[in-house]
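Working notes, structure below.
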Amino acid sequence: MQLGTRWTAGEEPPARLPEVLRREIAAVEAALPPDALGQPAPRWTLTWLEGRPVAELETGVVVTVDRDGAPVVRHDDEDEFA
């Protein structure tokens, strides 16, 4: 695993993030409920596993690409290999 970077939801993702992940991350962020209490926006953590990017939002949403380069969006409590 290679460590990456962190950024706040709604901010520009890192430039090295593939476009396919950028689109999925934008879709996840668009689905986030508005915060009526003024809490800070959740943050993304980007890591690299076996050369593939893995973006995980503090809410537990994980966005990555499969071996064929297709985007995968799941929640961290879902079995990745089901």
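Every number in this text was worked out from the coordinates using simple rules, so none of it is lab data. Just so we're clear, the structure is a prediction, and the values are computed from it rather than from any experiment. So basically every Cβ, Gly included, is an ideal-geometry build from the backbone, and we count neighbours across all protein chains shown.
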- Task: Would you list the strands (runs of 3 or more DSSP E) that sit entirely within the chain and hold 3 or more residues that are surrounded by fewer than 14 Cβ atoms within 10 Å (Cβ to Cβ) and over 10 Å from the mean Cα position of the chain (by Cα)?
- Result: 2-8
- Task: Could you please let me know if A36 is farther than 22 Å from G4 by Cβ and either touching a strand residue (DSSP E or B) at 6+ places or on another chain (Cβ under 9 Å) or of a type in the set (A, V, I, L, M) (or both)?
- Result: yes
